[in-house]
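The values are calculated or read from the model by the stated rules, or taken from the named source; none is laboratory data. Since the structure is predicted, the reported quantities are computational estimates derived from the model, not experimental observations. When we count neighbours, we look across all protein chains shown, and the Cβ atoms used for this are built from the backbone with ideal geometry, even at glycine.
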Amino acid sequence: MYKPEHVPAWQRIVDFVHRHSRAKIGLQLGHAGRKGSTQFLWVADNEPLPDGNWPIMAASPIPYFPHSQVPKAMDRRDLDEVRDAFARAARMAEEAGFDVLELHFAHGYLVASFISPLTNRRPDEYGGTLENRMRYPLELFDAVRAAWPSHKPISVRISAVDWAPGGMESVEAVQVAKLFKAHGCDILDVSAGQTVPDQRPVYGRLFQTPFADRIRHEADMPVMTVGNVSSYTDVNTILAAGRADLCVLARAHLWDPYWTRHAAYELGWHVDWPDQYATLDTYKPRFI
């Protein structure tokens, strides 16, 4: 969402969703930072392009891999331009009619590189303590919050832990959440890792839900949980136990695009069907 022609293109999609369903639709805004100018995820994850690389920037001049391109440390002009670009994108998102906005401040991308001590070695007021490392993310958030309608929600995605020595831990993530809450963030999308290539994540069923759970209770803030949430029972258990306010599923929907409809069917909930799925004779939906 960075060119004028993007607005009508997205508006067609937003209008279609609103016209044919009761669903809400959101837009996630992000900047790749030091993880930009790389090959496709499914070809060579985070590996630099073999040629034709464009300049990249980050909080500090630390390459992702030793052989990766060294990013430029952002100066005052860069900080202002990126902040203003996010705010401009938020205004364009409102013009296109989106219902919710999410800022991607996780996974080692540009803004995340300010938050983690593993990627932020700045000697100025934007580096050092957690409060200083959060200074630019909050400045950027404030600009977006001012550009986005006050009655529409904003989410921020963070990496609660870096899975690496000297990196972010869940106790610091609680403080990050409190800061975003104080600045008007409505809900936090709690992910983890992908900050450094030598991370050592501990995978398992619902492996990131404990981080969302801790933030929800210690920061007293609504949260989304992600990460290996696969079954209908997983979702209901998380919500019923008060561990999160929303469960966010990506790969489950890639595996089964009708995951939500199947969940509703199994649990006895009625879901409206689009006309295309109704039979011509009885106009009753077929089960997919």
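Brief remarks follow.
- Close contacts from region 67-83, counting a first residue that is farther than 17 Å from G127 by Cα and a second that is among the polar types (S, T, N, Q), with Cβ to Cβ under 6 Å and a gap of 6+ residues or different chains, come to Q69/N53.
- Within region 5-43, if we keep just the residues that are hydrophobic (A, V, I, L, M, F, W, C) and in contact with a helix residue (DSSP H, G or I) (Cβ under 8 Å, 6 or more places away or on another chain), the residue that is nearest to D99 (Cα to Cα) turns out to be I25.
- Close pairs from region 230-246: first among the charged types (D, E, K, R), partner modelled with pLDDT of 90 or more and part of a loop (DSSP other than H, G, I, E, B), Cβ under 7 Å, at least 6 apart: D234/L206; D245/P222
- Residue match in region 243-264 (condition: buried (at least 16 other Cβ atoms within 10 Å of the Cβ), among the aromatic types (F, W, Y) and within 17 Å of the chain's Cα centre (by Cα)): no
- Selected residue (only one of T209, T237, T233 is farther than 30 Å from G97 by Cα, among the β-branched types (V, I, T) and within 19 Å of the chain's Cα centre (by Cα)): T209
- Residue match in region 128-135 (condition: in a loop (DSSP other than H, G, I, E, B) and of a type in the set (S, T, N, Q)): yes
- Condition check for V144: touching a Leu at 6+ places or on another chain (Cβ under 7 Å), buried (at least 20 other Cβ atoms within 10 Å of the Cβ) and within 19 Å of G36 (Cα to Cα): no
- When E131 is tested against the conditions (1) surrounded by 16 or more Cβ atoms within 10 Å (Cβ to Cβ); (2) under 30 Å from S68 (Cα atoms), the lone failure is (1).
- Yes/no for A73 being within 16 Å of the chain's Cα centre (by Cα) and assigned by TED's automatic domain parsing to the domain that holds Q39: no
- Residues satisfying the stated conditions in region 1-31, i.e. of a type in the set (D, E, K, R) and without any contact (Cβ under 8 Å) to a residue 12 or more places away in the chain: K3, E5, R12, R19
- Residues located in region 196-215, provided they are buried (at least 21 other Cβ atoms within 10 Å of the Cβ), out of contact with any Ser or Thr (no Cβ under 6 Å at 6 or more places or on another chain) and over 23 Å from D256 (Cβ atoms): I215
- Sole residue being closer than 29 Å to F65 by Cα and among the aliphatic types (A, V, I, L, M), chosen from V176, V248, V229: V176
- The listed residues are V111, V100, V156, and the only one of them that is touching a Cys at 6+ places or on another chain (Cβ under 6 Å) and in contact (Cβ under 8 Å) with a residue 24 or more places away in the chain turns out to be V156.
- Residue in region 13-31 that is of a type in the set (S, T, N, Q), at pLDDT 95 or above, in contact with a Pro (Cβ under 7 Å, 6 or more places away or on another chain) and not in a helix (DSSP H, G or I) present: no
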